[in-house]
Structure formats: structure tokens, C-alpha cells
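Peer 1: Dropping a structure here in C-alpha cells format, bear with me for questions.
The values are calculated or read from the model by the stated rules, or taken from the named source; none is laboratory data. In this text the structure is predicted, and so the values were computed from the model without any measurement. Neighbour counts are summed over all protein chains in view; Cβ atoms, including those assigned to glycine, are modelled from backbone coordinates with ideal geometry.
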């Protein structure tokens, strides 16, 4: 395999991700519902299953005290709730609320519409190439999870 192609492809990906994320998070803020990417990511994580503070902090790459502050803000907004674990009342289970699910669904819909508008401008052949490339990229990262 051509090492230059590998290096150039890796660099293109690394250059593209911040640009894509910047645009998506700009659109995220425009929804008026979620203030920052941390809140969005937490709602996404919790939509799968409840987590404890340590799990959320690890997934977000922050300290437990920092995560605790983020959780408090989201509890105040009614998006998540903290409940004691019956076996160990010192531990807390963090769960998304129905309102949190509603916010996440609304934001997902808005982001999807934004991306649909962007890709709708592409010629069909380029759109198909983009789709194929994204599927390959997704599969490459899923293998390493």
C-alpha cells in the first residue's frame, strides 16, 4: 500500500473532523435547546442506558467533579435525573428523562436536516462516493471500539 496515500488520507480526515464538528455544534447551539457539545454527548450516552458518575466522566474524558457540575446543570434543566443505587446509596445512577429524550430527538432532527441540506447540493455520483467513504470510515472505527 502506498504510504503517501495513507498519510494524506489520515491528514485529510484529521483536517476534516474539526471543521465538521465546528459546523455541527454551531447548528446545535442554533436549536436553542443544547448549549454545548458536552450536554449533547451526555444525552446521547444516556439514551442508550443509565450510567454512574465515574462512567460518564471517563466517557467524556473529564474529572468526576467536572462531570458532577455538568450533571447538576442538566438535572436543573430536567433532562436527566440522579437516583441512589439501592445496593450502595453512596453511588448514583444517572438516567435520561422523557424531556431529555425529547430534546435529543429534536436536536437530532435539526442536525439531520442541516446535513441533508448540505449533501443535497452534491451531484449524485459524488454523494454516492461520500456515502461509500463514510461507510468505510465508520466500519474502520467500529472495529477498534
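Peer 1: Is it the case that residue 53 is over 25 Å from residue 130 (Cβ atoms), in contact with a helix residue (DSSP H, G or I) (Cβ under 7 Å, 6 or more places away or on another chain) and in contact (Cβ under 8 Å) with a residue 40 or more places away in the chain?
Peer 2: yes
Peer 1: Considering only the stretch 88-114, how many residues are touching a residue at least 12 places away in the same chain (Cβ under 8 Å) and either in a strand (DSSP E or B) or out of contact with any strand residue (DSSP E or B) (no Cβ under 6 Å at 6 or more places or on another chain) (or both)?
Peer 2: Qualifying residue count, the stretch 88-114: 15.
Peer 1: Report, by residue number, each residue of the stretch 115-145 that is over 21 Å from the mean Cα position of the chain (by Cα), assigned to a helix (DSSP H, G or I) and either loosely packed, with under 10 Cβ neighbours inside 10 Å or in contact (Cβ under 8 Å) with a residue 12 or more places away in the chain (or both).
Peer 2: Within the stretch 115-145, 120, 124, 125 meet the criteria.
Peer 1: Then there is this: Which of the following residues is under 18 Å from the mean Cα position of the chain (by Cα) and more than 20 Å from residue 138 (Cα to Cα): 96, 17?
Peer 2: 96
Peer 1: In the list 43, 19, which residue meets the criterion of being loosely packed, with under 10 Cβ neighbours inside 10 Å, modelled with pLDDT of 90 or more and assigned to a helix (DSSP H, G or I)?
Peer 2: Result: 19 is the single residue among 43, 19 that is loosely packed, with under 10 Cβ neighbours inside 10 Å, modelled with pLDDT of 90 or more and assigned to a helix (DSSP H, G or I).
Peer 1: Still on this structure: Take the residues of the stretch 56-87 that are more than 18 Å from residue 36 (Cα to Cα) and in contact (Cβ under 8 Å) with a residue 12 or more places away in the chain: which is surrounded by the most Cβ atoms within 10 Å (Cβ to Cβ)?
Peer 2: Result: 81.
Peer 1: Report whether or not residue 64 is touching a helix residue (DSSP H, G or I) at 6+ places or on another chain (Cβ under 6 Å) and farther than 12 Å from residue 51 by Cα.
Peer 2: yes
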